[in-house]
1. Could I have the simple spin-label model distance between Ile305 and Arg366, label points 7 Å from Cα toward Cβ, reported in nm to one decimal?
2. Take the Cα of Asn340, step 7 Å along the line toward its Cβ, and report every residue of the range 383-404 whose backbone nitrogen sits under 18 Å from that point.
3. Return the tail of the calculated pair distribution for the range 246-369, meaning the percent of Cα-Cα pairs more than 22 Å apart.
4. If you roll a 1.4 Å probe over the heavy atoms of the protein chains, what accessible area per residue do you get for the chain, in Å²?
5. If you look at just the Cα atoms of the range 299-453, how large are its Rg and its Dmax in Å?
6. What per residue convex hull volume, in Å³, comes out for the range 192-295 when only alpha-carbon positions are used?
7. For labels at Val151 and Ser398 in the simple 7 Å Cα→Cβ model, what's the distance in nm?
8. Would you rank Lys72, Lys307, Lys335 by solvent-accessible area, highest first, keeping every protein chain in place and using a 1.4 Å probe?
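The values are calculated or read from the model by the stated rules, or taken from the named source; none is laboratory data. For clarity, every value in this text was computed on a predicted model and none was experimentally measured. Cβ atoms come from the backbone with ideal geometry, glycine included; neighbour counts cover every protein chain shown. These accessible areas exclude ligands, DNA and RNA; they are computed on the full protein's heavy atoms, side chains included. Shrake-Rupley method; radii C 1.70, N 1.55, O 1.52, S 1.80 Å.
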Amino acid sequence: MPLFTRKRMSIRSSIAQDDRIDFGVAPTSVQRIESPVTTKAYLMCAFAAFAGMLFGYDSGYISSVLAMNEFKIEYGHEVPISEDRTGFSYFTWEKSLIVSILSAGTFFGALISGALADWFGRRTTIIAGCLVFMVGVIIQVSATVIPALVVGRLIAGFGVGFVSAINILYMSEVAPRKVRGAIVSCYQFAITIGIMLASCVGYATHKRTDTGAFRIPIAVQFLWALILAGGLCLLPESPRYYVKKGRLDLAIRALSRVRGQSMDSDWLQDELAEIQANYEYEQQVGEVGWLGCFSGGITNRNSNIRKVFIGTGLQMFQQFTGINFIFYYNTTFFKQVGLNNAFLIALITTIVNVCSTPVSFYTIERYGRRPLLIYGAIAMAVCEFIIAAVWTADASSSTANYVLIVFVCFYIFFFASTWGPAAWVVIGEIFQLPIRAKGVALSTASNWFWNCIIGIIVPYIVDENHGNLGGRVFFVWGSTCAACAVFAWLFVPETKGLTLEQVDKMMEEVSAIRSSQWRVHDTFVHEMGAKDSVREDTSSSIQRQHVQPKSSYL
Ligand code: BGC
């Protein structure tokens, strides 16, 4: 049997095992809405996840840098040695400003990036984000006063905003549906590696007695932006963006690269027809601007505003898990509660974060998004209540410190294997094409907005001279985690194993609570009767462009 036929048969049999296709209703057409994919194509999708490194490193380096003696001497004000043994310290408002300004920049960057991604393309917007980020890094490295540092972090944050929002969009649009969750989880994995590397670099330089102690960790991030921008120049644009722009010739070319198939393949033609038909179906409602993202009524389960509510709510609750209390302030917090080796313990928490994330590559596709979000939140809440209870009973004992470290690690494990990746995966999947870029941007902006608010308020509720909550702050995070579970159960639909177009249909037909039982029963092509016209369009544009052999455009 020829190899090609054998491959096709195995692809068909794997599709036949697909538990979300209702074979009783439409036996053939629903199977052909996504082309098979080569390893090279998988790797291309996975490369985009590298953007997480930028995001993670940038948000992670500040924790160790803030606790460095050299940083305090450079940017702090004089205090009695009894208050800080370096003789320098910062005001609470300075600490909170330095940490949170990055998220403020990122919030605005993420917001405007949605419009840019629709005008200039997903890839171009991410590359532009890298360039803005580099400018911010240069300013931070050369800053000698707090205002310059703050401006640098604001600009870098702006760039990270582009990257963090549009990268999710790009990956969700190019990744094959069966591994879309896993590929977007790779993005979370890269975030955790970024945070860990930032902690490693901080650990390696914190004992230096010159400004290199903190300038080196700040400067290293330039490299991540360079690698990401360079790599993206070689990757194709999202085919769904070209469909939105009406450029089916470019769409089929991009699709052939991300799937590793030749442009005249039937699979590609069918997949493009489905994307195009779905877009036309959505277009019947008309072109959607920013205001349109809030239309349709919150009780209508497939309305734009409902999806925006789910996306922004999910990202808000991801921040309410309290994870950035750990990653922004862990070194200073561990020092404050009297733990020896605060830098080392902080580094260990970042390693736990990295090692736990790959668990989600499997579980997110095996069990789906909803179970991860619901049970993950419950498990995190339990860990946090245990820490808070032991702390309240006996804050000064070594047992309390031991419990703090162990359960912080368990808590990070549950975050990293559930809410960390799943929140990003779901926002990449729930928005239909006309509002996808803006919806993902709004959701990402919500992440950064709450990230910023938490960055601002945490020092005030934890610091001894203010709220002085200490370990009792975990009562707050435990309660918010319980709210996360309720939110996920009520509102987050199960998107596992569906194409982005099918997710749209599922959300139209069933509620989030019943979404796991929904089965694919029709295609947009069938509904729109559009297949033939799309086929004609693409094949004539391909002919016009004198198709090149596959190897020359990969
Ligand atoms: C969150 C970040 C957090 C990181 C920790 C991400 O998913 O959005 O705010 O710092 O996970 O791994």
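1. 4.1
2. Inside the label zone: 396-404.
3. Summing the P(r) of the range 246-369 above 22 Å gives 67 percent of all pairs.
4. I get 36 Å² per residue for this part.
5. Answer for the range 299-453, Rg first and Dmax second: 17.3, 57 Å.
6. It is 167 Å³ per residue.
7. 5.1
8. Reading off the accessible areas and sorting them downward yields Lys335, Lys72, Lys307.
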